[in-house]
Ligand code: GLA
């Protein structure tokens with residue numbers, strides 16, 4: 001079942017679409033705030049995402065309409081105007097600008113209709129999905145041969161350069177490169193990728209949305225990144241290393257006193273320990289040891305909470321509720337933090353009970369509902385038939 005149908009495009013733009021694409025959101029199982037430190041991440045694309053219908057137009061302009069924000073109407077944009085206008089269409093425009101800058105100049109304008117079922121601002125990478133989706137549409141409209149990996153890198157460039165969030169490569173990569181039934185073990189330093197099967201007959205990936213997004217999220221993200229850069233610069237005065245995550249835990253322990261600031265030292269300790277947990281988690285999954293995988297997820301939450309300080313009361317509460325349940329292998333905050341979602345690995349067959357318990361506890365504690373999504377690791381972006 002698709003989210004958009006041909007009549008939707010016709011109703012908005014008065015003509016037929018020529019292309020229909022999809023790009024998924026992602027959830028990260030383990031390995032957060034390692035992707036801009038040269039470490040491993042372990043996300044999967046999910047079966048929630050955004051669709052786009054598009055058709056070229058002859059006047060060189062771009063029209064954007066989102067069926068999720070119908071009141072905003074169609075935004076008309078052009079390549080020689082500034083990208084940042086403060087609206088959601090900055091994302092696709094940023095991608096078009098990026099592609100042009102790297103030699104993929106659209107030969108004409110185009111109209112785009114978007115609609116998604118990813119909750120917005122929930123940390124499931126709706127921005128990355130929108131970027132990767134726009135890239136896929138551009139390639140589909142004009143037959144550009146850009147690999148999914150290049151599309152991801154261009155999407156990240158668009159976000160860094162034009163949106164102003166200094167994110168790593170994880171989200172765009174997962175959205176572009178996802179595979180059904182698999183998580184992606186990605187080395188963000190080399191971009192080496194290994195697909196790891198998730199056995200859904202044993203465990204389900206369940207996402208719980210706090211429903212909150214703390215306002216400082218993107219500025220705090222950039223601050224964390226700077227703190228890691230300071231820590232790396234301090235370490236390099238003692239020993240030249242390419243990235244924080246190139247250190248093993250013991251090596252870091254022996255060098256860490258060269259990081260003068262205590263906060264920066266804790267940020268770096270998180271990056272190093274999270275990277276080693278991610279490698280260990282991938283090993284555990286290869287051996288079918290889901291209990292060990294879950295234990296590492298729990299440790300990851302504590303490190304993100306205490307050393308990296310990107311959790312919040314709502315995330316801590318949801319994680320600790322899940323830890324109490326006997327059929328939960330592991331639970332942690334996922335993604336950038338400061339609100340957003342937890343990811344939970346739940347023993348197959350207990351998903352309904354899990355959702356009921358968590359919702360009830362959350363309502364009692366915070367007086368609001370939390371949404372629970374039982375997701376299936378899905379395919380990356382592509383053209384829909
Ligand atoms: C956000 C960023 C990613 C990554 C995560 C934290 O989702 O976009 O690049 O850094 O936070 O792991």
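Mind listing whichever residues of region 366-380 are part of a loop (DSSP other than H, G, I, E, B) and without any contact (Cβ under 8 Å) to a residue 60 or more places away in the chain?
Taking region 366-380 as the starting set, the residues that turn out to be part of a loop (DSSP other than H, G, I, E, B) are 367-370, 376, 378-380.
367, the sole residue that qualifies.
Looking only at region 1-42, how many residues end up being in a strand (DSSP E or B) and either more than 27 Å from residue 144 (Cα to Cα) or more than 16 Å from the ligand (Cβ to nearest atom) (or both)?
Filtering region 1-42 down to residues in a strand (DSSP E or B) leaves 19-28, 40-41.
From what's left, either more than 27 Å from residue 144 (Cα to Cα) or more than 16 Å from the ligand (Cβ to nearest atom) (or both): 19-22, 27-28, 40-41.
Final tally of qualifying residues: 8.
Check off (1) within 25 Å of residue 330 (Cα to Cα); (2) in contact with a helix residue (DSSP H, G or I) (Cβ under 9 Å, 6 or more places away or on another chain); (3) outside any loop (DSSP other than H, G, I, E, B) for residue 199 and give me the number that stays unchecked.
(3)
Considering (1) without any contact (Cβ under 8 Å) to a residue 60 or more places away in the chain; (2) in contact with a helix residue (DSSP H, G or I) (Cβ under 7 Å, 6 or more places away or on another chain); (3) more than 16 Å from the ligand (Cβ to nearest atom), say which one residue 80 fails and leave the rest.
Among (1) without any contact (Cβ under 8 Å) to a residue 60 or more places away in the chain; (2) in contact with a helix residue (DSSP H, G or I) (Cβ under 7 Å, 6 or more places away or on another chain); (3) more than 16 Å from the ligand (Cβ to nearest atom), the lone unmet condition for residue 80 is (2).
I need the full set of residues from region 174-196 which are within 14 Å of the ligand (Cβ to nearest atom), touching a strand residue (DSSP E or B) at 6+ places or on another chain (Cβ under 7 Å) and in a loop (DSSP other than H, G, I, E, B), in order please.
Result: 188, single match.
Just to be sure I understand, how many residues within region 316-344 are away from the ligand (no atom under 13 Å from the Cβ) and under 18 Å from the mean Cα position of the chain (by Cα)?
Selection size over region 316-344: 3.
Return the residues of region 45-56 that are more than 14 Å from the ligand (Cβ to nearest atom) and within 21 Å of residue 118 (Cβ to Cβ); say none if nothing qualifies.
Taking region 45-56 and keeping what is more than 14 Å from the ligand (Cβ to nearest atom), we get 47-56.
Selection gives 47, 48, 49, 50, 51, 52, 53, 54.
Taking the options 303, 320, name whichever one is part of a helix (DSSP H, G or I) and out of contact with any strand residue (DSSP E or B) (no Cβ under 9 Å at 6 or more places or on another chain).
On the way: 320 fails: out of contact with any strand residue (DSSP E or B) (no Cβ under 9 Å at 6 or more places or on another chain).
Sole residue among the options that is part of a helix (DSSP H, G or I) and out of contact with any strand residue (DSSP E or B) (no Cβ under 9 Å at 6 or more places or on another chain): 303.
Looking at residue 124 and the list (1) within 25 Å of residue 146 (Cα to Cα); (2) in contact with a helix residue (DSSP H, G or I) (Cβ under 8 Å, 6 or more places away or on another chain); (3) within 16 Å of the ligand (Cβ to nearest atom), which single condition is not satisfied?
(2)
Give me the residue from region 89-111 that is crowded, with 17+ Cβ neighbours inside 10 Å and over 15 Å from residue 155 (Cβ atoms) and, out of that set, farthest from the chain's Cα centre (by Cα).
So, considering only residues that are crowded, with 17+ Cβ neighbours inside 10 Å and over 15 Å from residue 155 (Cβ atoms), the one farthest from the chain's Cα centre (by Cα) is 109.
If you check residue 165 against the conditions, is it at pLDDT below 95 and within 13 Å of the ligand (Cβ to nearest atom)? Quick ask: steps written out before the conclusion?
Numbers: at pLDDT below 95: yes; within 13 Å of the ligand (Cβ to nearest atom): yes.
Judged against the criteria, residue 165 is a match.
Hey, among the residues in region 127-141 that are surrounded by fewer than 24 Cβ atoms within 10 Å (Cβ to Cβ) and touching a residue at least 60 places away in the same chain (Cβ under 8 Å), which one's farthest from the ligand (Cβ to nearest atom)?
141
If we scan region 263-274, do we find a residue that is closer than 30 Å to residue 347 by Cα and free of Cβ contacts under 8 Å to residues at least 12 places away in the same chain? Walk me through how you get there before you give the answer.
Of the residues in region 263-274, the ones closer than 30 Å to residue 347 by Cα are 270-274.
Restricting the remaining residues to those that are free of Cβ contacts under 8 Å to residues at least 12 places away in the same chain gives none.
Scanning region 263-274, I find no residue that is closer than 30 Å to residue 347 by Cα and free of Cβ contacts under 8 Å to residues at least 12 places away in the same chain, so the answer is no.
Residue 195 versus (1) more than 18 Å from the chain's Cα centre (by Cα); (2) over 21 Å from residue 301 (Cα atoms); (3) without any contact (Cβ under 8 Å) to a residue 40 or more places away in the chain: which is the lone unmet condition?
For residue 195, the failing item is (1).
Can you tell which of 67, 23, 45, 54 is farther than 21 Å from residue 122 by Cβ and touching a helix residue (DSSP H, G or I) at 6+ places or on another chain (Cβ under 9 Å)? Break it down into steps so the answer makes sense when it comes.
Values: 67 fails: farther than 21 Å from residue 122 by Cβ; 23 fails: farther than 21 Å from residue 122 by Cβ; 45 fails: farther than 21 Å from residue 122 by Cβ.
Checking each option against the conditions leaves just 54.
From the residues in region 216-236 that are without any contact (Cβ under 8 Å) to a residue 12 or more places away in the chain and within 16 Å of the ligand (Cβ to nearest atom), which one is farthest from residue 260 (Cα to Cα)?
First, the residues of region 216-236 that are without any contact (Cβ under 8 Å) to a residue 12 or more places away in the chain: 219, 223, 226, 229, 233, 236.
Of the ones still in play, those that are also within 16 Å of the ligand (Cβ to nearest atom) are 219, 223, 226, 229.
Numbers: 219: 23, 223: 17, 226: 14, 229: 13 Å.
By that ranking, first place goes to 219.
Would you please list the contacts, defined by Cβ atoms under 6 Å and residues six or more apart or on different chains, that run from a residue in region 158-181 that is closer than 18 Å to residue 25 by Cα and in contact (Cβ under 8 Å) with a residue 40 or more places away in the chain to a residue that is assigned to a loop (DSSP other than H, G, I, E, B) and within 13 Å of the ligand (Cβ to nearest atom)?
Taking only residues 6 or more apart or on different chains, the pairs are 159/165; 159/167; 168/35; 168/36; 169/35; 169/188; 170/35; 171/125.
The values are calculated or read from the model by the stated rules, or taken from the named source; none is laboratory data. All values derive from a computational prediction rather than experimental measurement. Backbone-built Cβ (ideal geometry, glycine too); neighbour counts: all protein chains shown.
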